[in-house]
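Written out below as structure tokens is the structure these notes cover.
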Amino acid sequence: TAGAATLTILAMLAGSMVGPVDTSFHDLVQTIRRLLSGNELGDGPEMILGSIRIPRVLVAALCGGALSAAGCVSQALFRNPLASPSVVGTESGGVLFAVLMFYTGTAFSGAFALPAAAMTGSVLATFLVFLVANVRGWQRLETLLLAGFALSALYGAATSLIISLSLENYQKSAAMMH
């Protein structure tokens, strides 16, 4: 685990310094010091590092950590090293809600509107799978798996329907497809 943590930190440092504008390790250290002390960022590399690259790298690391935690929970729940959150429809529910946001034109209504909708869809889809699996007193993992597969297929079909309905409006379909 120490090796993985070291590689993660090195990747975060490299990811912060690589881009169309040249930045040095010294620029990165200065920017981090300014951010931690609450001082305003200078122009040029400090502004780019502090307002674009460092936040992007931190969000990427947090997302990667969240995805790995979701995978670990799924693998522990199903006692299978190949299990993933898509088994219980989590992924399909998030995609369905994200596509709904694009279809209704509200995907760009705020900075966090689309991620919040996808997260809400994922949580609701997972909750619905557990609810359906527990109708008759869920005792076996097979019941949860079957409910997850069935509802995941339903969410996927609903997503496909919305995308096909949006093909009439090129702007909506282009936003969903790219």
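Can you give the translational diffusion coefficient of the stretch 1-66 in µm²/s, computed by Stokes-Einstein from the Kirkwood radius over Cα pairs at 10 °C and 1.306 mPa s? Don't jump to the answer; show the numbers that get you there.
On the way: Rh = 12.3 Å.
This corresponds to a translational diffusion coefficient of 129 µm²/s.
Of the heavy-atom accessible surface of the chain (probe 1.4 angstrom), what whole percent is carbon and sulfur?
Details: 7940 of 11520 Å².
The nonpolar share, carbon plus sulfur, comes to 69 percent.
Among 4-11, 46-53, 157-164, how do they line up by average Cβ neighbours within 10 Å per residue, starting with the highest? Don't skip to the end; give the middle numbers.
On the way: 4-11: 10.6, 46-53: 18.1, 157-164: 14.4.
Peptide ranking by packing, descending: 46-53, 157-164, 4-11.
Quick check: residue separation of residue 67 and residue 9 times 0.36 nm, minus the Cα distance between them. What number comes out in nm?
On the way: separation 58, 0.36 × 58 = 20.88 nm, distance 1.75 nm.
Answer, rounded to one decimal: 19.1 nm.
Let me see the P(r) profile for the chain: every Cα-Cα distance counted, bins of 5 Å, each bin given as a percent of all pairs.
Reading the bins upward from 0: 1, 8, 12, 13, 12, 12, 12, 12, 8, 5, 2, 1, 0.
Over the stretch 1-45, with the other protein chains present, what is the accessible area per residue in square angstrom, probe 1.4 angstrom? Numbers along the way, then the final one.
Values: 3270 Å² over 45 residues.
Per-residue accessible area for the stretch 1-45 comes out at 73 Å².
If you rank 21, 57 by how much accessible surface each has, with a 1.4 Å probe, what is the order from largest down?
Working: 21 60, 57 25 Å².
Result of the area sort, largest leading: 21, 57.
Calculate the spin-label point distance for residue 134 paired with residue 29, positioning each point 7 Å from the Cα along the beta-carbon direction, and give it in nanometres.
Using points 7 Å along Cα→Cβ, the separation is 5.3 nm.
Assuming 0.890 mPa s and 25 °C, estimate D for the stretch 79-124 with Stokes-Einstein, Rh taken as the Kirkwood radius over Cα pairs, in µm²/s.
Values: Rh = 11.0 Å.
The calculation lands on 222 µm²/s.
Any idea what the dipole of the stretch 1-132 comes to, in debye rounded to 20, about its Cα centre with Lys/Arg Cβ at +1 and Asp/Glu Cβ at -1?
Working: 5 positive and 6 negative charges, 72 e Å.
The dipole magnitude comes to about 340 debye.
Pull out the extension gain between residue 142 and residue 40, defined as 0.36 nm times the separation in residues minus the alpha carbon to alpha carbon distance; nm, one decimal. Write down the numbers at each step before the final one.
Values: separation 102, 0.36 × 102 = 36.72 nm, distance 5.60 nm.
Gain on stretching residue 142 to residue 40: 31.1 nm.
At 0.36 nm per residue, and after removing the present C-alpha to C-alpha distance, how many nm does the segment from residue 165 to residue 124 gain when stretched out fully?
Numbers: separation 41, 0.36 × 41 = 14.76 nm, distance 2.35 nm.
Net length gain for the segment: 12.4 nm.
Against the globular-protein guess of 2.2 N^0.38 Å, express the Cα radius of gyration of the stretch 41-100 as a ratio, rounded to two decimals. Spell out each step's value before the answer.
Working: Rg = 17.2 Å, N = 60, 2.2 N^0.38 = 10.4 Å.
Relative to the rule-of-thumb radius for its length, the stretch 41-100 sits at 1.65.
How much accessible area per residue does the stretch 56-165 have, counting only protein heavy atoms and a probe of 1.4 Å, in square angstrom?
61 Å²
The values are calculated or read from the model by the stated rules, or taken from the named source; none is laboratory data. The structure displayed is predicted, hence computed values, not measured ones. For neighbour counting, all protein chains shown are included, and Cβ atoms are generated from backbone atoms with ideal geometry for every residue, glycine included. These accessible areas exclude ligands, DNA and RNA; they are computed on the full protein's heavy atoms, side chains included. Shrake-Rupley method; radii C 1.70, N 1.55, O 1.52, S 1.80 Å.
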